[in-house]
Amino acid sequence: MSPSPARRRHLPNSPFAAPVEPVIEVFELDDRVTHDTYGLGRIVSVEAEAVTVDFAGRRLRITSPYPKLTGL
């Protein structure tokens with residue numbers, strides 16, 4: 001398996017749009033959140049690269065960049 005290629009830098013005079021860096025939301029313990037699939041939940045654990053969310057008794061660990069998770 002080969003390593004992923006290095007990211008190319010964006011030239012200022014390029015006719016193509018610069019790639020957009022995703023904004024990674026920061027969550028804290030007991031924050032209320034909503035997930036596109038699981039609905040409303042509450043943060044019960046925060047790690048460096050993931051959060052654990054309690055969705056009405058169902059606990060899920062969701063890794064960063066939290067694509068479907070939104071803070072309320």
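I need the full set of residues from segment 48-60 which are loosely packed, with under 11 Cβ neighbours inside 10 Å and either touching a Ser or Thr at 6+ places or on another chain (Cβ under 9 Å) or aliphatic (A, V, I, L, M) (or both), in order please.
Kept after step one, since they are loosely packed, with under 11 Cβ neighbours inside 10 Å, are these residues of segment 48-60: 48-49, 56-58.
48, 49, 56 - these are the residues of segment 48-60 that are loosely packed, with under 11 Cβ neighbours inside 10 Å and either touching a Ser or Thr at 6+ places or on another chain (Cβ under 9 Å) or aliphatic (A, V, I, L, M) (or both).
Listed residues 27, 16; which is open to solvent by less than 100 Å² (accessible area, probe 1.4 Å) and in a loop (DSSP other than H, G, I, E, B)? Quick ask: steps written out before the conclusion?
Details: 16 fails: open to solvent by less than 100 Å² (accessible area, probe 1.4 Å).
Within the list 27, 16, the selection yields 27.
Within segment 62-72, track down each residue that is open to solvent by 40 Å² or more (accessible area, probe 1.4 Å) and touching a residue at least 12 places away in the same chain (Cβ under 8 Å). Show your work before the answer.
Just the residues of segment 62-72 that are open to solvent by 40 Å² or more (accessible area, probe 1.4 Å), to begin with: 63, 65, 67-68, 70, 72.
Scanning segment 62-72 gives 63, 65, 68, 70, 72.
Looking at residue 40, is it open to solvent by 70 Å² or more (accessible area, probe 1.4 Å), on the phi < 0 side of the Ramachandran plot and assigned to a strand (DSSP E or B)?
On the way: open to solvent by 70 Å² or more (accessible area, probe 1.4 Å): yes; on the phi < 0 side of the Ramachandran plot: yes; assigned to a strand (DSSP E or B): yes.
The answer is yes for residue 40.
Given the options 32, 42, 9, 59, name the one that is touching a residue at least 24 places away in the same chain (Cβ under 8 Å) and more than 13 Å from the chain's Cα centre (by Cα). Even if it seems obvious, please write down each step before you answer.
On the way: 42 fails: touching a residue at least 24 places away in the same chain (Cβ under 8 Å); 9 fails: touching a residue at least 24 places away in the same chain (Cβ under 8 Å); 59 fails: touching a residue at least 24 places away in the same chain (Cβ under 8 Å).
It is 32.
The values are calculated or read from the model by the stated rules, or taken from the named source; none is laboratory data. This is a predicted model, so every value here is computed, not measured. We place every Cβ from the backbone using ideal geometry, glycine too, and count neighbours over all the protein chains shown. When the accessible area is computed, the model is the full protein with side chains, heavy atoms only, and any ligands, DNA or RNA have been set aside. Shrake-Rupley method; radii C 1.70, N 1.55, O 1.52, S 1.80 Å.
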